[in-house]
1. Given the condition modelled with pLDDT under 95 and within 16 Å of ligand 1 (Cβ to nearest atom), answer yes or no: does some residue in the stretch 92-110 qualify?
2. Considering only the stretch 161-207, state which residues are more than 18 Å from the chain's Cα centre (by Cα) and within 16 Å of ligand 2 (Cβ to nearest atom).
3. Please find, within the stretch 225-282, the residue that is nearest to the chain's Cα centre (by Cα) out of those that are over 27 Å from I211 (Cα atoms) and among the β-branched types (V, I, T).
4. Can you say whether G267 is small (G, A, S), assigned by TED's automatic domain parsing to the domain that holds L335, modelled with pLDDT of 95 or more and assigned to a loop (DSSP other than H, G, I, E, B), as far as the supplied structure shows?
5. Which one of the conditions (1) crowded, with 19+ Cβ neighbours inside 10 Å; (2) within 16 Å of ligand 1 (Cβ to nearest atom) does H196 fail to meet, given that it meets all the rest?
6. Considering every residue within the stretch 124-139, establish whether at least one is assigned to a strand (DSSP E or B), touching a Leu at 6+ places or on another chain (Cβ under 8 Å) and among the acidic types (D, E).
7. Under the condition of being within 15 Å of ligand 2 (Cβ to nearest atom) and on the phi > 0 side of the Ramachandran plot, which residue from the stretch 41-63 is farthest from the chain's Cα centre (by Cα)?
8. Tell me whether the stretch 170-184 contains one or more residues that are among the aromatic types (F, W, Y) and free of Cβ contacts under 8 Å to residues at least 40 places away in the same chain.
Amino acid sequence: MNSSVIIQFENVTKQYDQDRPVLDNVSFEIERGKFYTLLGPSGCGKTTILRLIAGFTEASSGDIYFNGKRINTLPANKRQVNTVFQDYALFPHLSVYENVAFGLRIKKMKEADIKVKVKEALQFVNLVGYENREITEMSGGQRQRVAIARAIVNEPEVILLDEPLSALDLKLRTEMQYELRELQRRLGITFIFVTHDQEEALAMSDEIFVINEGKIQQSGSPTDIYDEPINRFVADFIGESNIVKGTMVRDYLVEFTGKQFECVDQGLNPNEPVEIVIRPEDLEITSLEKGKLQVQVDSQLFRGVHYELSCYDNAGNEWLVHSTKKAAVGDQIGLYFEPEAIHVMRLGETEEEFDRRLEAYKDGEGE
Ligand SMILES: Nc1ncnc2c1ncn2[C@@H]1O[C@H](COP(=O)(O)OP(=O)(O)O)[C@@H](O)[C@H]1O
Ligand SMILES: [Mg+2]
């Protein structure tokens with residue numbers, strides 16, 4: 001194993017009773033010092049992954065490694081991990097100081113050392129001067145910071161954050177996104193952050209794992225995932241997309257809306273049914289003749305930076321367009337796009353299957 005890897009899941013399955021597994025044969029690696037986000041809809045298994053890492057629950061099968069050691073049955077208090085819970089789980093009638101000091105007291109650290117550590121942690125989250133306040137006297141954003149101070153004071157190698165911003169209003173949430181990201185950079189600790197909010201994930205992460213129904217659909221940097229979604233679920237979940245059904249005619253040629261288009265995709269079967277994604281900002285408004293697609297404008301909204309148009313082609317497919325040009329509702333317009341703007345997805349394919357397919361294709365090419 002690569003020495004920068006701090007956590008590794010190998011074919012981890014978690015199943016309660018005889019139900020469908022909550023996590024289904026999940027494998028991934030977490031590298032030291034990066035900001036990771038687990039992103040997916042409610043119930044997809046995000047919290048379960050955190051609980052497995054923290055030691056609050058055990059895997060039904062598979063292996064979990066921390067710094068190269070198998071930790072499947074290692075008790076939670078022996079792990080170099082701290083969790084910031086969704087509701088913060090602070091003690092409401094203890095002071096800020098006592099909340100942060102709590103873990104150190106349990107470790108029976110000397111009072112003088114506790115004082116230094118708590119001060120340091122409060123400095124990190126900008127709460128010096130609030131030591132004697134009770135939690136009930138703190139705002140939502142301040143409570144959030146106390147919860148983080150309480151996690152970092154133990155100097156864990158990894159901090160797990162389970163939807164810590166979801167209770168905050170939009171403005172505060174955006175501020176805290178910056179703060180958390182900054183804090184992670186300054187501390188250099190590995191953060192594993194859970195959210196169901198795709199914009200939050202894109203804004204904050206070095207690496208995102210997109211999860212659905214207990215499986216990692218795709219992992220990668222925010223731009224990787226946004227630009228090259230691997231399947232309909234990811235394309236749909238991350239950002240706005242136009243998704244239509246099509247057929248891969250052969251390498252570099254795809255058919256949809258009854259026409260053939262040059263593209264950059266390869267390695268699928270001839271005439272294989274596929275799904276096509278084109279992002280709204282990759283569609284350009286042109287005259288009817290110059291367009292690769294001909295559509296009618298159904299509605300138009302001004303979004304500040306761009307116009308958002310909803311258009312329909314003859315086959316009844318909707319095409320969302322983000323453009324600085326405007327059109328009029330009812331206009332017949334052309335839509336132009338580059339071959340690179342077309343993303344071809346095999347039906348329901350996950351990342352693992354994609355990688356296997358790419359490998360097989362490369363092997364075939366080399367023969
Ligand atoms: N103790 C449990 N017993 C049975 N099912 C559970 C238990 N904990 C979680 N689940 C189920 O596992 C699935 C994933 O839960 P969870 O990891 O909390 O999802 P997320 O955090 O992504 O919303 C859900 O369907 C949930 O109902
Ligand atoms: Mg959860």
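1. Scanning the stretch 92-110 turns up no residue that is modelled with pLDDT under 95 and within 16 Å of ligand 1 (Cβ to nearest atom).
2. Matches in the stretch 161-207: A167 only.
3. Only one residue fits best here, namely V254.
4. On the way: small (G, A, S): yes; assigned by TED's automatic domain parsing to the domain that holds L335: yes; modelled with pLDDT of 95 or more: no; assigned to a loop (DSSP other than H, G, I, E, B): yes.
So G267 fails the test.
5. (1)
6. As a first pass, look at the stretch 124-139 and keep what is assigned to a strand (DSSP E or B): 134.
The next check asks that each one be touching a Leu at 6+ places or on another chain (Cβ under 8 Å); those that pass are 134.
Restricting the remaining residues to those that are among the acidic types (D, E) gives 134.
Yes: one or more hits.
7. Residues of the stretch 41-63 that are within 15 Å of ligand 2 (Cβ to nearest atom), as a first pass: 41-54, 56-57.
Imposing the further condition that a residue be on the phi > 0 side of the Ramachandran plot reduces the set to 43, 45.
On the way: G43: 15, G45: 13 Å.
Among those that are within 15 Å of ligand 2 (Cβ to nearest atom) and on the phi > 0 side of the Ramachandran plot, it is G43.
8. Initial filter on the stretch 170-184 (among the aromatic types (F, W, Y)): 178.
Now restrict to residues that are free of Cβ contacts under 8 Å to residues at least 40 places away in the same chain: 178.
Yes: one or more hits.
The values are calculated or read from the model by the stated rules, or taken from the named source; none is laboratory data. Everything quoted here is computed from the prediction, not taken from an experiment. All Cβ positions, even for glycine, are placed from backbone atoms using ideal geometry, and neighbour counts span all protein chains on display.
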